[in-house]
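The values are calculated or read from the model by the stated rules, or taken from the named source; none is laboratory data. Bear in mind the structure is a predicted one, so any value in this text is a computation, not a measurement. Cβ sites come from the backbone with ideal geometry, for glycine too, and all protein chains shown count toward neighbours.
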Amino acid sequence: MTLNVGVIGVGMIGQDHIRRLTQVLSGARVVAVTDVDLNRAKAVAGELAGARIHENGQDLIGDDDVDAVIVASWGPTHEEYVLACIAAGKQVFCEKPLATTREACERILDAETKAGRRLVMVGFMRRYDDGYRAMKDTIARGDIGAPLMFHSAHRNATVPGHYVSDMIVNDTCVHDVDIARFLLDTEIVAARVVKPRRNSNAADHLTDPLFLLFETADGAIVDVEASINIQFGYDIRGEVVGESGTVELAESAAVLVKRAGGYAGRIPEDWRERFVRAYDRELQEWVDAATAGRSTGPSSWDGYAATVVCDSALAALRSGERVEVSLREQPELYR
């Protein structure tokens with residue numbers, strides 16, 4: 001069986017997912033697209049045999065030939081489209097964020113809970129990275145004892161001109177928040193944010209870098225270094241310190257070359273290069289699950305929790321104080 005997929009939002013990440021579905025993965029075809037820029041949607045559809053163009057996301061979701069939907073549009077539109085997919089009973093892969101506010105996420109939780117089954121997968125691709133999965137397995141086996149601390153670093157060479165300081169938390173560190181919850185298998189209950197010495201390479205309107213400190217429900221501590229103008233490349237780091245050992249991500253370079261009195265390895269240019277295999281594995285798992293009529297991977301609850309934690313971190317950034325994270329009771333559907 002082939003899964004007929006409709007894609008809402010065909011910007012950079014939407015086009016990357018279309019490339020995966022049509023050239024890399026198996027079991028799916030793209031039958032419909034839409035975008036706020038209809039000319040862009042037409043250009044993308046022109047490269048896809050038989051794909052229809054819809055005026056808006058609601059029309060695409062209502063298309064009877066669309067079995068499942070990828071939402072890769074602007075963040076504030078996610079709630080509308082995810083709710084429409086739930087109402088239509090269609091499996092939906094939603095790029096992060098699930099929604100941009102706590103209230104919007106809770107409306108999605110309520111709708112999915114009322115439906116009585118999971119229909120939403122949220123695009124936290126780090127959970128599908130080989131390195132993070134090996135870290136998770138090491139912790140689960142008890143090889144390093146109970147985890148006490150998680151050190152994470154998220155370094156971007158540069159960011160585009162439209163990038164603002166809040167995006168350091170909402171768009172960048174949201175991945176560190178989710179992977180911390182995934183690795184440590186606990187919720188984050190409080191946040192602090194510290195402003196180190198400012199990077200002179202950053203635009204005047206940016207507060208860069210930031211240092212985020214999170215407390216978890218079981219007493220572990222998570223720290224995240226966020227540097228968005230580090231210049232040298234896209235560098236992702238992670239180490240869990242346990243009671244009797246540590247586990248950390250290896251360097252991302254496949255090989256080290258030694259020559260002329262030194263050694264070097266390739267640093268990824270951006271997130272697409274660093275996590276290309278994780279994106280492939282993530283989307284293939286969604287296609288397989290959606291074809292079977294079920295959902296998998298990061299849930300609406302995971303998307304909700306990440307949004308609420310980031311909201312608390314932004315409040316901590318503005319106030320300079322410790323801010324508690326208050327989550328609603330977790331519905332049975334997500335346990």
Residue among V240, V189, V257 that alone is surrounded by 18 or more Cβ atoms within 10 Å (Cβ to Cβ) and in the same structural domain as N156 (by TED's automatic domain parsing): V240
Residues located in segment 89-121, provided they are aliphatic (A, V, I, L, M) and closer than 13 Å to A290 by Cβ: V92, L119, V120, M121
Quick one: C173 ticks every box in (1) of a type outside the set (G, A, S); (2) within 18 Å of the chain's Cα centre (by Cα); (3) more than 21 Å from M125 (Cα to Cα) bar one, so which box is it? (3)
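Before we move on, is F211 among the aromatic types (F, W, Y), surrounded by fewer than 19 Cβ atoms within 10 Å (Cβ to Cβ), under 17 Å from D270 (Cβ atoms) and in the same structural domain as A253 (by TED's automatic domain parsing)?
Answer is no for this residue.
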Only residues that are surrounded by fewer than 19 Cβ atoms within 10 Å (Cβ to Cβ) and farther than 25 Å from D235 by Cα: list them for segment 261-314, please. Q284, E285, D288, T291, A292, G293, R294, T296
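Conditions (1) more than 20 Å from A290 (Cα to Cα); (2) without any contact (Cβ under 8 Å) to a residue 40 or more places away in the chain; (3) among the polar types (S, T, N, Q), marked per residue:
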| site | (1), (2), (3) |
| --- | --- |
| V24 | no, no, no |
| V31 | no, yes, no |
| K42 | yes, yes, no |
| A45 | yes, yes, no |
| I53 | yes, yes, no |
Just to confirm my filter: which strands (runs of 3 or more DSSP E) fall fully inside segment 105-212 and include at least 2 residues that are in contact with a Gly (Cβ under 6 Å, 6 or more places away or on another chain)? 120-123, 147-155
Please state which of the following conditions A87 fails to meet, knowing it meets all the rest: (1) in a helix (DSSP H, G or I); (2) hydrophobic (A, V, I, L, M, F, W, C); (3) crowded, with 18+ Cβ neighbours inside 10 Å. (3)
